[in-house]
Amino acid sequence: MASQDWFDKDFYAVLGVAKDVSEAELKKTYRKLARQFHPDSNPGDAAAEARFKEISEAYAVLSDPAERAEYDQLRAMGSGARFTPGGAGGFEDVFGGMFGGGARGRTSYSAGGFEDLLGGMFGSGGFGNPTGGFRGYGGPTKGADITATTTLDFDTAIRGDTVTLQLPGNASTKVKIPAGVNDGQKVRLRGKGQPSPDGGEAGDLVLTVSVRPHPVFSRDGLNLRVDVPVTFVEAALGATIEVPTLAGDTVRLRVAPGTPSGRVLRVKGRGVATAKSTGDLLATVQVAVPSHLPPDAKAKLEEFAAALPDENPRDELLQRARG
């Protein structure tokens, strides 16, 4: 801030408040004006942007009790004074008395000038380089985010749940996990992070969810997948089989005669249910081949094989592979 600004600018008038305004009323007034003139609310409006900076500049001083006291003192002592390079009634007259000098010749200033001097009085950095928050043009500073992780069982992640998390400082908070959350998904909870250092909005809690695998089911988007073994006879002749669901009950599916291993049977609406949509249950048929055959069963199977047409089911595969 230029040196003359502290004498020329009436920060109370900028905010439209009385000189004895309380801290609470000052903050309330500033937030109202900041919302009204914030650049995000007035895109492309140079006048609104300038007004927003003026408001933020005024609040940066008046919201700090020490700076407000210094500002009031400086305004009272320097009322009507002008800074002129070496002229009567100039810089040295005002500050000579303030620091006990009494005359212009008693005080010397380094090359840093006015901002260096006041930077030491009112805090490092002077007035020319506001850095954000109450001391800058961006309004109150948002608090820092907190990151956390939690591990859920597969079925808990599918249906959603409320979990209790331990936060820094031995604090705890309850977090509602939405239904259908994925492994590795991040859930952001507004206002659950660190408080703002200067009265602004609290930070967020960013929770990363890990999901334990299920021994039977897996996820494919909103669909659930399950491998269902069937016997050779069931696959060849057809059958009605029972298939498990994540809810714990079973559904009956029809396996058509001649169903090959790998065919997918769909059960509508028995997948992952979210607020927006619901997936299906996809049952993949796996033909189970017995590892041991009794002698009579083996003889009958060989008799069955001899009755089949002399075909090689791999002929087409081999032709495609040869190009």
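The values are calculated or read from the model by the stated rules, or taken from the named source; none is laboratory data. These figures come from a predicted structure and were not determined experimentally. Positions of Cβ are generated from backbone atoms using ideal geometry, with glycine treated the same way; all protein chains shown enter the neighbour counts.
Odds and ends about this structure:
- Condition check for F11: at pLDDT below 65 and either in contact with a Gly (Cβ under 6 Å, 6 or more places away or on another chain) or not basic (K, R) (or both): no
- Residues within the range 269-304 that are in contact with a Leu (Cβ under 8 Å, 6 or more places away or on another chain) and among the basic types (K, R), tallied: 1
- Of the residues making up the range 270-301, those that are in a helix (DSSP H, G or I) and surrounded by 11 or more Cβ atoms within 10 Å (Cβ to Cβ) are A297, K298, A299, K300, L301.
- Residues satisfying the stated conditions in the range 145-181, i.e. within 14 Å of A273 (Cβ to Cβ) and in contact with a Ser or Thr (Cβ under 6 Å, 6 or more places away or on another chain): A179, G180
- The one condition in (1) at pLDDT 90 or above; (2) not in a helix (DSSP H, G or I) that P43 fails to fulfil: (1)
- Residue check, G191 within 23 Å of the chain's Cα centre (by Cα), closer than 30 Å to E242 by Cβ and surrounded by fewer than 14 Cβ atoms within 10 Å (Cβ to Cβ): no
- For G169, the conditions (1) free of Cβ contacts under 8 Å to residues at least 12 places away in the same chain; (2) in contact with an Asp or Glu (Cβ under 7 Å, 6 or more places away or on another chain); (3) not polar (S, T, N, Q) all hold with the exception of (2).
- Residues satisfying the stated conditions in the range 197-208, i.e. part of a loop (DSSP other than H, G, I, E, B) and within 16 Å of the chain's Cα centre (by Cα): E201, A202, G203, D204
- Within the range 231-243, restricting attention to residues that are assigned to a strand (DSSP E or B) and either small (G, A, S) or at pLDDT 95 or above (or both), the residue that is farthest from the chain's Cα centre (by Cα) is A239.
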